[in-house]
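The values are calculated or read from the model by the stated rules, or taken from the named source; none is laboratory data. Since this is a predicted model, take the numbers as computed values, not measurements. Note: ideal-geometry Cβ built from the backbone for every residue, glycine included; neighbour counts use all protein chains shown. The accessibility values were calculated without ligands, DNA or RNA, using every heavy atom of the protein model including side chains. Shrake-Rupley method; radii C 1.70, N 1.55, O 1.52, S 1.80 Å.
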Amino acid sequence: MHSSPLTALCPAAAEVRMPVPYPHPDTQQHAQPHLRSKGRSARGLALSFTLPGDVRSSFIGRTVIAAALDAHGLSPYVWPTTHAAAELIAVTARMSPRKELYVSLRHRGDGLRLLVWDQHPRHRDPVTATLCETRRRRALWLLAAVVDDWGGEWGVCDASLPRGGVKAWVSLPR
């Protein structure tokens, strides 16, 4: 099996050779998102966005999340949340190459919750399903270490129908 940063983690998707979805960026400066808080609402931070299913999307997600946390006065959460987001986005992009990923970040009084949903289909073959789930969890070892260090929780579960797919989430306490 060919191994590269763009190789799918899922054994079923690994059989298909993935083309590079867009060329490697030049050495140009990347635009930084500018987010302004519209005041402190009682509801807290609520951010949702969609990214292309490419491992390089983790940079975009990380940058957007850092800017949103700073804009809402949540700078202490930047380091663990951006690391968690980068890991979740990169792994989910490898599980569902070229399919969009949905990212959600919420802050409420009890803490911060990050969710990444991908369109990875449920496998009918139990052996393939187990292997696929094992590969996903092993690939998230760094995420597990960061979340554990910050006293949080994380998990992976099937998304509810009709969309299906897989949801990976992180909760960091206040």
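Could the peptides 90-102, 124-136, 46-58 be put in order, highest first, of the mean number of other beta-carbon atoms found within 10 Å of their residues?
90-102, 46-58, 124-136
Highest mean first, what order results for 108-116, 81-89 on Cβ atoms within 10 Å?
On the way: 108-116: 17.4, 81-89: 24.1.
Ranked by mean Cβ neighbours within 10 Å, highest first: 81-89, 108-116.
Between Val127 and Ser160, what FRET efficiency comes out of the Förster formula 1/(1 + (r/R0)^6) with R0 = 41 Å and r the beta carbon distance, rounded to 0.05? Result of the calculation: an efficiency of 0.95.
Between Trp141 and Ser104, what length comes free when the chain is fully extended (0.36 nm per residue of separation minus the Cα-Cα distance, one decimal in nm)?
11.2 nm
Computed over protein heavy atoms with a 1.4 Å probe, the accessible surface of the stretch 59-169 works out to 51 Å² per residue. Shape summary: the stretch 44-146 maps onto an equivalent ellipsoid whose semi-axes, from the alpha-carbon gyration tensor, are 26, 14, 12 Å in decreasing order.
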